[in-house]
1. Can you tell me how much longer the chain between Thr311 and Tyr244 gets when fully stretched, taken as 0.36 nm per residue apart minus their C-alpha distance, in nm with one decimal?
2. Order these peptides, 224-231, 278-285, by their mean beta-carbon neighbour count within 10 angstrom, highest first.
3. I need the phi-derived Karplus couplings for the range 25-30: 6.51 cos²θ - 1.76 cosθ + 1.60, θ = phi - 60°, integer Hz, Gly and Pro marked x.
4. When a footprinting reagent is the concern and you count Cβ atoms within 10 Å, what order do Ser66, Ser233 take, fewest first?
5. Just add up the charged neighbours of Leu149: K/R +1, D/E -1, any other residue whose Cβ is under 14 Å from the Cβ of Leu149.
Amino acid sequence: MPSPTLRLLADLEAAGQLPPAQVAAIAADERTRPFSLHYELRALLYLGIMLLAGGVGALIYQHIDSIGHGVIIAAITLAMSASFAYAMRHSPAFTWREAPRTSIAADYLLLLGCLLFLVLEGYLQVQYELFGTRYGLATVLPAVLFFALAYRFDHRGVLSMAITALATWVGVSVAPLEVFQQGLLWHSALSLPALLLGLALVAAGLLSEFLGCKRHFAFTYLALGANVALLASMSLLFDESGAYRLLWLGLILGLSAGLVWYARRTQSYLFLLLSVAYSYVALTYVLVVALAKGNSTDWITPMLVLYLPLTLLGIVLLFLNIKKILRLA
């Protein structure tokens, strides 16, 4: 079956809009053009790194008695050091701009080295209680190391790990360990610090873009920071039962408006979708709560019957015109 491009060429030739020689040249290029497997191979490499790190952990768990702690620690340290050494040897010189990619293997070995560092740190903590009960120290060390490595080697994957470690450190420092053991990840004690962390990450992204220092890191900072800030704001909105509810609603709408501005500025679908999703959930929740607190609950069902289809229709129209909103059309 001919491809859509070849069918289009045939239609253009039949309509007399392209000469046969040009149609033949374009068709030959279409048939002989190599197919890119770049993203598929990178996904497989990432998956291989994650499976390798997980396999190391499973191997240690199954054979810990026969291998010995010293051998395990030495093997992990050696593999981690070799990964970092290879990345250092094949990395470009440091620059505040986006560094050229000189070695794909170095990128993935750097990621493997970071994962092995976490394996080693966790092993030492479980086996020897290296940090004792100072869990904040156990989480801040990877954050500091990963931020340094991310900027030195210009690696956005390591930057995401650094931000995750920083968020873990904030959570461990603020909330008691029982909160995490009970699975209350969005406990009220965590919401406000998480909100401040999210806003700080958003500010870091905007600042890096404004100053021109690792401008390409701005997307990672803004994507993770906006999600953390909006999730924390939603948690505060759901927990609040008084006058502060409008404050958190205003903050969510303000952050969403900022994401729309940035989405139009960078022509990004992601930030526009984030703003629509969070603002829609927040407005719907506040509306339902307001109707439920009214003198009569008979209005809730008719209002929702009208509200849900109309708002969903508005979202569909938004998606249909998303290219115009992002100035792509």
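Coordinate-derived values only; no laboratory data. Quick caveat: nothing in here was measured; it's all calculated off a predicted structure. Cβ placement follows ideal geometry from the backbone for every residue including glycine, while neighbour counts extend to all protein chains displayed.
1. 21.6 nm
2. On the way: 224-231: 21.1, 278-285: 17.6.
Packing order, densest peptide first, comes out as 224-231, 278-285.
3. 5, 5, 5, 5, 5, 5
4. Starting with the residue having the fewest Cβ neighbours, the order is Ser66, Ser233.
5. Charge balance near Leu149 sits at +1.
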